[in-house]
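Trainee: There's a structure below that I have some questions on.
The values are calculated or read from the model by the stated rules, or taken from the named source; none is laboratory data. What you are looking at is a predicted structure, and each value in this text was computed from that prediction instead of being measured. In this analysis, Cβ positions are derived from the backbone assuming ideal geometry, glycine residues included, and neighbour counts consider all displayed protein chains.
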Amino acid sequence: MTDHVLVASADFDAAEQLQQLRQTSNATGAIATFTGLVRDYGDHSNVTGLFLEHYPGMTEQVIHGLIGDARKRWDIQSARVIHRVGTLTLGEQIVFVGVSSSHRADAFAACEFLMDALKTSAPFWKKELTRDGEHWVEQKDSDRERGARWHPK
């Protein structure tokens, strides 16, 4: 079992992350990944970039806890989560989530769960940079709804 969590300003190589997941185990039969990018719209139009902050130390601890939650639900071998902070421009990578497992269903579900949980549970704060100024982004109802589906009442 090898997990990797990194929160940093530097860009990452998604192909390298995939290769690390491929080397997890000879029992690996599936790898699911997600890479998020900065787009030109969000809460406002004309987005030119993003600024992301986090709570150092706590953020990594929360992400490790989310991976632990995923392990309780699905048979996963390894998880890799990288989240960038600082100022990012259009088209740059923001986040990488990758999960290896013996079976595709577990890899898909755990990857999706981790991405949904990052959006709702990890201590990140995002500001949209636009031609009209800067705007803090509020958590969206749609993100809360996606996160809540993993915790049925």
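Trainee: Please state which one of Gly36, Gly42 is touching a residue at least 40 places away in the same chain (Cβ under 8 Å) and part of a loop (DSSP other than H, G, I, E, B).
Mentor: Gly42
Trainee: Go through the residues of region 125-145 one by one and say whether even a single one is closer than 27 Å to Leu18 by Cα and at pLDDT below 95.
Mentor: yes
Trainee: Right, something else. Among (1) over 26 Å from Trp136 (Cβ atoms); (2) under 15 Å from the mean Cα position of the chain (by Cα); (3) part of a helix (DSSP H, G or I), where does Arg71 come up short?
Mentor: Exception for Arg71: condition (2).
Trainee: Now, a different point. Polar (S, T, N, Q) and part of a strand (DSSP E or B), is that true of Thr24?
Mentor: No; evaluated as a whole, the condition is false for this residue.
Trainee: Take Ser101 and tell me if it is among the hydroxyl-bearing types (Ser, Thr, Tyr), surrounded by 15 or more Cβ atoms within 10 Å (Cβ to Cβ) and either more than 23 Å from Val7 (Cβ to Cβ) or in contact (Cβ under 8 Å) with a residue 60 or more places away in the chain (or both).
Mentor: Spelling it out, Ser101 is indeed among the hydroxyl-bearing types (Ser, Thr, Tyr), surrounded by 15 or more Cβ atoms within 10 Å (Cβ to Cβ) and either more than 23 Å from Val7 (Cβ to Cβ) or in contact (Cβ under 8 Å) with a residue 60 or more places away in the chain (or both).
Trainee: Among the residues of region 127-136, are any touching a strand residue (DSSP E or B) at 6+ places or on another chain (Cβ under 6 Å), within 24 Å of His151 (Cα to Cα) and of a type outside the set (S, T, N, Q)?
Mentor: no
Trainee: Looking at region 9-16, is at least one residue in contact with a strand residue (DSSP E or B) (Cβ under 8 Å, 6 or more places away or on another chain), surrounded by 13 or more Cβ atoms within 10 Å (Cβ to Cβ) and within 25 Å of Ala148 (Cα to Cα)?
Mentor: So far as region 9-16 goes, no, none of its residues is in contact with a strand residue (DSSP E or B) (Cβ under 8 Å, 6 or more places away or on another chain), surrounded by 13 or more Cβ atoms within 10 Å (Cβ to Cβ) and within 25 Å of Ala148 (Cα to Cα).
Trainee: Keeping to region 105-133, report how many residues are surrounded by 13 or more Cβ atoms within 10 Å (Cβ to Cβ), acidic (Asp, Glu) and outside any helix (DSSP H, G or I).
Mentor: Total meeting the criteria: 1.
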